[in-house]
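Everything below concerns the one structure shown next.
Each value in this text was obtained by applying a stated rule to the coordinates, not by laboratory testing. Here the structure is a predicted model, which means the values were calculated and not measured. Please note: Cβ atoms are built from the backbone with ideal geometry, for glycine as well, and neighbour counts cover all protein chains shown.
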Amino acid sequence: MSSVESTPDHTLVIAVDGTSGSGKSSTSRGVAERLGLRYLDTGAMFRAMTWWLLREGIDVRDVAAVAAAAGRPRIESGTDPQAPTITVDGQDVSVEIRGDEVNAAVSPVSAVPEVRARLLDLQREVIGRGGIVVEGRDIGSVVWPQAEVKVYLSADPDARAARRAAEEGGSDLATTQESLLARDRIDSGRATAPLTMADGAVHVDSTHLSLVEVIDRIVALAGSRSGS
């Protein structure tokens, strides 16, 4: 076991960006557990904002209405990789934010600059405490470009759809794949903080790798970057 694995680095920030369904969550949580670091799912924060807007009856495609409301909910993320939590105004919404209604609405909400600015502040507040693996779509490029380790995780569309369908209990593969690709198009094409591979990021294609193999690669990368 390397010294990085045996002794947590409480200053290390690992940024894991990538496409939907590429395995970012499982990978990031696994790396955090292996290295004794905290974990932050920034996507869950956007989902939590979306869930709150829907609950409040705000039209998520009305950019002005979403922008005006973005500062209202209190969103808090737990950072235990074994049991991450997300709460809105004190209510645990970990299950609710994974529903179909939120899935369909999160991309337009995420594209609103005021939403991104609000959540960016929250994300940087958590990351600034150090010792964390952060997953998202613009962590290495916008949220925390000074991260010591930057990874861009991808997989081919067939593999991503199969993984996401399995997570969702056997969803239709073709429908799942189109949903993932549509999300990629929206996230890559938005004007504010688009999905992109950050400067200095290492590209890891997980198509033909097991979860353990992907985790091993990032742990090794963290060890080399920290001089271990």
TODO: Based on the mean of other Cβ atoms within 10 Å per residue, sort peptides 151-161, 203-213, 75-85 so the most packed one is first.
DONE: 151-161, 75-85, 203-213
- [ ] Give me the net charge of R55's neighbourhood, meaning all other residues with Cβ under 12 Å from the Cβ of R55; Lys, Arg count +1, Asp, Glu -1.
- [x] -3
TODO: Jot down the radius of gyration and Dmax of region 53-155, Cα atoms only, both in angstrom.
DONE: 14.5, 41
Task: Label-zone membership for region 107-135, site A68, 7 angstrom Cα→C-beta point, backbone N under 16 Å - done: 114-115
